[in-house]
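A quick write-up on the structure given underneath.
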Amino acid sequence: MSVRALWWVLFLGYAGVIFWLSDSPLPPGVPFIELPGADRAYHFFEYGLLALLGLQAFSPPTRRRLWGVLVLCWLYGLSDEIHQIWVPGRTADLLDWLVDGLGIFTAGWLWMRWRRL
């Protein structure tokens, strides 16, 4: 398997893991320890990593590809939030989606600085 194909497998596989986790209902009665802001931090890093994997998969990097990947990842986050409307114990949350975008665009900014695009 080529390195490029490996990045694609990682990107698509990780997107699948995100969907699988968000499609899992929260079990009733199971204690869930929540640290203040932990949910937002999960969203930030979860989608930041998705963006970095996407940027690797869509390389070689150009500004156009960078923006395309970032918007694609953010739309994926939107579709994930909408999909959670139908998952028992979960809800769609606009703030979660905005934090997804913050993680995505922060990752894109870091990527751009690192690659000097």
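The values are calculated or read from the model by the stated rules, or taken from the named source; none is laboratory data. Given the structure is predicted, the values throughout are model-derived calculations rather than measurements. As a convention, Cβ positions derive from the backbone with ideal geometry for all residues, glycine included, and neighbour counts pool all protein chains shown.
Starting from segment 1-17, take each residue that is farther than 12 Å from L49 by Cα and modelled with pLDDT of 95 or more and list its partners that are surrounded by 12 or more Cβ atoms within 10 Å (Cβ to Cβ) and of a type in the set (A, V, I, L, M), counting only C-beta distances under 7 angstrom and pairs at least six apart or across chains. Taking only residues 6 or more apart or on different chains, the pairs are W7/L53; W7/A57; W8/A57.
Of the residues in segment 40-53, not one is acidic (D, E), farther than 25 Å from A5 by Cβ and under 15 Å from the mean Cα position of the chain (by Cα). Within segment 63-96, the residues that satisfy the criterion of being closer than 16 Å to F19 by Cβ, touching a residue at least 40 places away in the same chain (Cβ under 8 Å), assigned to a helix (DSSP H, G or I) and out of contact with any Lys or Arg (no Cβ under 7 Å at 6 or more places or on another chain) are Y76, D80, H83, D96.
When segment 68-93 is filtered for residues that are of a type in the set (F, W, Y) and more than 15 Å from the chain's Cα centre (by Cα), only W86 remains. Across segment 50-62, the number of residues qualifying as surrounded by fewer than 18 Cβ atoms within 10 Å (Cβ to Cβ) and without any contact (Cβ under 8 Å) to a residue 40 or more places away in the chain comes to 1.
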